[in-house]
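Undergrad: Attaching a single structure in structure tokens format; questions to follow.
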Amino acid sequence: MALKSQLLEILALLKGLTLKRVCNVIRCWIGYWLSRLTKRSYVFGLPVALTFESASSCNLHCPDCPRGANSLTRSKGLMSMALFERLVDDVWAYTLHAQLFFQGEPTLNANLVSMVEALSAKRIFTVVSTNGQLVTADIAQGLVRTQLGKIIVSVDGTTQEVYSRYRVGGALDRALDAIQLVASAKKQQNASYPIIEMQMLVFSYNLHQIPDAKQLAKQYGANVVTFKTAQFTYPNQEKALIPLDTKYSRYYVSPHGDVLLKGNPSVSCSKPWFSSVIAYNGAVVPCCWDKDASVSLGGADAESFRSIWFGVEYNGFRQLLLNSKRQIPICADCPNGRTRFGFH
Ligand code: SF4
């Protein structure tokens, strides 16, 4: 199941390859490695992957999601089609991969299907992640018709009681229905895409439901089920929620009893050379870890994305990352860039 989905994803990405996009990937690599070796920021390519925040509000109240917990200081809204189209026009020739979600529920944006359509027309592999509560038959049909690459549906428990401990305000049945609606739309349209991924955040209290989750995924028509480590706002206070099986946790407990992130925090990070995130209102931020858009690198509502990407602010951030990653507040708790080569 997982292998077939991976092959489908690779195939879709390969279909999007053009000479310009391949050269762009190479330019990004050269820029990143030259920057790492010289400790000076060089950037030669445009982002290979882009995140568009289609909606920054949400219908649920997940406790460790800053949007769900209402702890973000920035405003809420929906990305307009005009801004989205301008952004796509600016970068589509170079970009291979797009996500239509960041801090919010993408199905709240009535233009979601049109956004997928615009990206598919440019052969950009597109991913939507949803809590599934608002997915209707029409939306499911639309996402299949417009050739969405992958849909991730969050199902963090196999009983309503366990599910709603994290997905506060959500109904397990509706999340499972979303999977089924997309699966039947695919059947009706004889389509291989989107790949349907049922994703379960693993906590100490739902670890035992992993076998049932695999069963449910099959039953409702998901192509793959993934088990994702949960992120905690206050890991030390929430120790009891962290699974004991460390395979399902991004944290470890130090000999002094402190909960710490795995990996080496001082390794550099490649993200700002390869990808970018655009909040609903056009604010460009370096990565999806900047949930509150605290490192605003420019406003794509007022200037072109390219000028922001190659601009002083962005390069200043890259330089800071090369010099002193530990001093950047958003990087301190980030699990990315902790591997040997700074990739994820
Ligand atoms: S280390 Fe994390 S927060 Fe910092 S730039 Fe990389 S992905 Fe973003």
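Undergrad: Output wanted: per-residue J couplings in Hz (rounded whole) for segment 49-62, from phi through Karplus 6.51 cos²θ - 1.76 cosθ + 1.60, θ = phi - 60°, x for Gly and Pro.
TA: Result, ordered by residue: 10, 10, 10, 10, 7, 5, 9, 10, 10, 9, 8, 10, 9, 5 Hz.
Undergrad: Check TYR280: other-chain or 5+ apart residues with amide H under 5 Å from its amide H, H built from backbone geometry?
TA: When sequence neighbours closer than 5 places are left aside, the close amide H contacts are GLU53.
Undergrad: Each residue of segment 100-106 in order: what ³J(HN,Hα) in whole Hz does its phi give by Karplus 6.51 cos²θ - 1.76 cosθ + 1.60, θ = phi - 60°, with x for Gly and Pro?
TA: Each residue's phi maps through the Karplus curve to give 9, 8, 8, 10, x, 9, x Hz.
Undergrad: How big is the convex hull of the Cα atoms of segment 1-62, per residue, in Å³? Present the calculation step by step, with values, prior to reporting the outcome.
TA: Details: hull volume 11.9 nm³, N = 62.
Hull volume over Cα atoms, normalised by residue count, gives 193 Å³.
Undergrad: Amide H to amide H, which residues 5 or more places from THR126 or on other chains are under 5 Å from it, using H placed in the peptide plane?
TA: Here the answer is ALA98, GLY149, LYS150, since their amide H atoms fall under 5 Å of that of THR126.
Undergrad: While we're looking at this one, here's another question. Can you list the cysteines of the chain that have no other Cys Cβ under 4.7 Å away?
TA: Within the chain, the cysteines lacking a partner Cβ under 4.7 Å are CYS23, CYS28, CYS58, CYS269, CYS287, CYS288, CYS331, CYS334.
Undergrad: Where q = 0.12 Å⁻¹, what log10 of I(q)/I(0) comes from the Debye formula for segment 205-344, counting one point per Cα?
TA: Values returned for q = 0.12 Å⁻¹ are -0.65.
Undergrad: Students often get this wrong, so check it: of LYS291/LYS325; LYS39/LYS271; LYS39/LYS291; LYS4/LYS291, which have C-alpha atoms separated by over 22 Å? Walk me through the numbers on the way to the answer.
TA: Details: LYS291/LYS325 18 Å; LYS39/LYS271 16 Å; LYS39/LYS291 27 Å; LYS4/LYS291 32 Å.
As for pairs spanning more than 22 Å Cα to Cα, those are LYS39/LYS291; LYS4/LYS291.
Undergrad: In percent, what relative contact order does the chain have, based on Cα pairs under 8 Å that are 6 or more apart in sequence? Intermediate values should be presented prior to the final figure.
TA: Numbers: 678 pairs, mean separation 63.3, N = 344.
Rounded, it is 18 percent for the chain.
Undergrad: Right, here's the next one. If you look at just the Cα atoms of the chain, how large are its Rg and its Dmax in Å?
TA: 19.7, 57
Undergrad: To check you understand DSSP bridge types, tell me what percent of the beta bridges within segment 197-344 (both residues inside) are antiparallel, rounded to 5.
TA: Working: 6 of 12 bridges.
Counting only bridges with both partners in segment 197-344, antiparallel ones make up about 50 percent.
Read-outs throughout are calculated quantities, based only on the coordinates presented, and are distinct from any laboratory measurement. Predicted model only: the values in this text are computed from it and were never measured. For neighbour counting, all protein chains shown are included, and Cβ atoms are generated from backbone atoms with ideal geometry for every residue, glycine included.
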